[in-house]
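For reference, the structure is listed below as structure tokens.
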Amino acid sequence: MSIVTLQLGQSGNQIGFEVFDALFSDSHCSQGLCSKRENEAYQASCKERFFSEEENGVPIARAVLVDMEPKVINQTLSKASQSGRWKYGQRSCFCQKQGSGNNWAYGYSVHGPRHAESIMNLIQKEVEKCDSLSGFFIVMSMAGGTGSGLGAFITRNLQDQYSNSLKMNHIIWPYGTGEVIVQNYNSILTLSHLYRSSDALLVHENDALHKICAKLMNIKQISFRDINQVLAHQLGSVFQPTYSEEGSSHYRRNPLGDLMENLVSHPEFKLLGVRNIPQMSEHSLAYSTFTWAGLLKHLRQMLISNAKMEEGIDWQVRPPLSGAPTPGKMPVNKNPHFNKSLANLVILRGKEVHSADLGGFKDPALYTSWLGPDNAFNMWKTQRAFNKYEKSAALVSNSQFLVKPLDMIVGKAWNMFASKAYIHQYTKFGIEEEDFLDSFTLLEQVVASYRNL
């Protein structure tokens with residue numbers, strides 16, 4: 001089954017390019033550490049998901065590119081075609097001459113209604129090229145205007161027109177120090193609208209990606225491209241093919257459907273995060289060896305201590321002991337840094353993958369009381385190595401990892417709203433104070449629900 005990717009705004013288009021490039025590079029990598037037959041099956045499965053073939057043999061990304069300014073889309077198209085390995089479709093882009101000025105309301109209320117029909121027509125043409133549609137992967141940021149505002153509008157339209165198809169929004173969480181003065185307004189409006197119309201929100205935080213570039217990749221002057229390549233590597237480690245079941249040599253057909261089924265068991269809990277191990281520069285990789293026991297020990301501790309990378313993990317954090325005293329007798333915040341999960345999916349790729357022991361992720365103490373590990377934990381595997389890593393593991397988690405950042409963004413936006421700062425920039429495009437209040441209410445409920453896991 002195929003996934004149609006929507007690249008929205010500057011950030012969405014730059015990330016989308018790196019994702020397709022990482023998927024293509026990995027599927028055509030000669031270091032897959034598996035048989036030729038297995039490698040060909042892996043390539044075919046990747047292609048069915050993300051690429052369609054053109055007559056001259058160059059694969060075309062199953063994507064629609066949207067931005068309100070032409071510069072980034074032109075650069076993205078040019079980079080893909082210059083690679084000579086894959087490209088975007090000639091009629092899969094929509095751009096205008098005027099951006100959204102970092103204003104969510106302009107993207108949602110002006111560009112959305114004005115251009116929705118043209119954009120939905122492009123999406124329909126892309127869908128018609130798929131033999132079978134798994135769903136939509138929508139790549140956008142939430143701090144600006146086009147990706148966030150127009151992205152929320154298009155996601156709502158997808159919900160109306162493709163109600164039976166899954167929609168996963170990939171969201172870039174802005175730097176805490178701020179890129180845009182109104183980023184907190186744009187963020188709460190984006191999140192609250194997506195919570196109503198998307199099936200899952202897969203979140204990457206810019207601050208965490210920046211740290212990975214600095215500490216693990218040893219990059220001295222970090223560019224957005226560096227950050228996007230780290231992000232693309234993590235997404236590739238999730239979306240590339242894996243076996244459909246233990247002992248099977250068939251690749252799973254419905255990646256989005258399987259992800260949702262494993263991770264999103266309740267409509268109140270839609271926030272997903274990705275962790276990946278190992279991740280390092282090519283130079284360091286040449287001198288490194290890994291065991292499954294070591295990788296999984298680190299990955300489990302990254303989960304429970306809410307660490308985004310293997311360096312600097314807090315090893316003091318422990319899950320609460322089974323048979324601990326009843327909640328009424330427990331001191332409040334006894335273990336404030338423990339990250340409780342609703343559901344986890346571990347994806348293992350590489351050598352001797354069937355010998356990996358995942359027992360540590362089946363501890364009931366990691367999960368909420370109303371969903372045991374049998375339902376809350378899943379694993380996917382393939383012997384085919386990913387992107388030159390002999391062994392690698394990815395963790396997609398529905399957990400409390402975003403409670404603090406979300407609470408902070410809502411708090412900062414509320415402080416601005418209470419003093420009526422910049423509200424006029426939104427009301428003049430039809431977003432009323434009532435819309436802000438609805439967003440605050442919904443997101444405060446999300447924070448409370450995750451806190452009470």
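The values are calculated or read from the model by the stated rules, or taken from the named source; none is laboratory data. Only a predicted model underlies this, so the values are computations on that prediction, with no experimental measurement involved. Cβ placement follows ideal geometry from the backbone for every residue including glycine, while neighbour counts extend to all protein chains displayed. Protein only, heavy atoms only, side chains kept; ligands, DNA and RNA dropped before computing areas. Shrake-Rupley method; radii C 1.70, N 1.55, O 1.52, S 1.80 Å.
The table that follows gives values for the structure above.
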item: Contour minus Cα-Cα distance for Asn157 and Ala214 (0.36 nm per residue); result: 16.6 nm
item: Per residue value of the accessible surface for segment 404-452 (all protein chains in place, 1.4 Å probe), Å²; result: 56
item: Listed pairs Lys167/Lys404; Lys308/Lys351; Lys211/Lys412; Lys87/Lys404; Lys47/Lys340 exceeding 28 Å between Cα atoms; result: Lys87/Lys404; Lys47/Lys340
item: Sites Glu54 and Asn164 - FRET efficiency at Förster radius 51 Å, r taken between beta-carbons, to 0.05; result: 0.95
item: Accessible area per residue, Å², segment 1-143 with all protein chains present, probe 1.4 Å; result: 42
item: Using distinct alpha-carbon pairs, which all enter the 1/r mean, Kirkwood radius of segment 160-286 in Å; result: 16.9
item: Full-stretch length increase - Glu117, Lys420 - with 0.36 nm per residue and alpha-carbon distance subtracted; result: 105.7 nm
item: Fully extended contour minus Cα-Cα distance, from Leu321 to Phe338, at 0.36 nm per residue; result: 4.9 nm
item: Spherically averaged projected area in nm², based on the convex hull that wraps the Cα atoms of the chain; result: 21.7
item: Kirkwood hydrodynamic radius of segment 404-452, Cα pairs, Å; result: 11.5
item: Dipole of the chain, positive end: most advanced residue of Met1, Val203, Ile219 [Cβ charges, Cα centre]; result: Ile219
item: 20 Å cut-off, amide nitrogen to a point 7 angstrom out along Gln96 Cα→Cβ, residues in segment 59-75; result: 64-75
item: Thr427 accessible area, assembled protein chains, probe 1.4 Å, Å²; result: 50
item: Loop trypsin sites (Lys or Arg not before Pro), segment 394-447 (other Cβ atoms within 10 Å of the site Cβ: 10 or fewer; DSSP); result: Lys420
item: Efficiency of FRET between Cys130 and His250 - r from beta-carbon atoms, R0 25 angstrom, step 0.05; result: 0.80
item: Considering only the chain, percent of DSSP beta bridges that pair antiparallel, nearest 5; result: 35
item: Carbon and sulfur %, accessible surface of the chain computed with the full protein complex present, 1.4 Å; result: 48
